[in-house]
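**Student:** Mind having a look at this structure? Questions to follow.
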Amino acid sequence: MSAPFVVPACRACGHLAYPPRILCPECGAGDWTRTLADSGIVTEVTVRRPVFKRRQLPWGNWLDQEAVRLAAVHVEVGERSVRVIARVPEGVETGDRVTLVAQASTAIALPGQVVEAAPAGPGDPAGGE
Ligand SMILES: [Zn+2]
């Protein structure tokens, strides 16, 4: 089950924060909304081969995998930008445009065309637990 990927946006100054924060690092406000961040450009790809599987837990349910490919994805939302760390499948490389989806509180970057998606409102499952 996946959902459109959203990032917190400060209501006071518009700063995008990923991962989410309690207070805005730009202006100190604590009032957040969510904005759609569904596509971006891969700037780095790395493969993580954990020694201790329990250390994978904050990143989601990949206990059965020997290696996980992670990418830094540069996402532009209006005049702002944010870097998102996402799991990527084989074949996604630096410079590729990817579509971001949220899956069990983990960002997944999929190769291919940008899809139209409705803006996600507060309370949708994309950013929550
Ligand atoms: Zn702010």
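Read-outs throughout are calculated quantities, based only on the coordinates presented, and are distinct from any laboratory measurement. Every value quoted in this text rests on a predicted model; they were computed, and no experiment measured them. For neighbour counting, all protein chains shown are included, and Cβ atoms are generated from backbone atoms with ideal geometry for every residue, glycine included.
**Student:** Among (1) out of contact with any strand residue (DSSP E or B) (no Cβ under 8 Å at 6 or more places or on another chain); (2) within 9 Å of the ligand (Cβ to nearest atom); (3) under 20 Å from Glu76 (Cβ atoms), where does Gly28 come up short?
**Tutor:** Of the numbered conditions (1) out of contact with any strand residue (DSSP E or B) (no Cβ under 8 Å at 6 or more places or on another chain); (2) within 9 Å of the ligand (Cβ to nearest atom); (3) under 20 Å from Glu76 (Cβ atoms), the odd one out for Gly28 is (3).
**Student:** Would you please name the residue that is farthest from Ser81 (Cα to Cα), looking only at residues in the stretch 2-25 that are more than 10 Å from the ligand (Cβ to nearest atom) and without any contact (Cβ under 8 Å) to a residue 12 or more places away in the chain?
**Tutor:** Looking at the filtered set, the residue picked out is Ile22.
**Student:** Could you please find all residues in the stretch 31-48 being within 16 Å of the ligand (Cβ to nearest atom) and among the polar types (S, T, N, Q)?
**Tutor:** Answer for the stretch 31-48, where residues must be within 16 Å of the ligand (Cβ to nearest atom) and among the polar types (S, T, N, Q): Thr33, Thr35.
**Student:** Just to check your reading of the model, which residue among Arg21, Arg34 is outside any loop (DSSP other than H, G, I, E, B), surrounded by 13 or more Cβ atoms within 10 Å (Cβ to Cβ) and not hydroxyl-bearing (Ser, Thr, Tyr)?
**Tutor:** It is Arg34.
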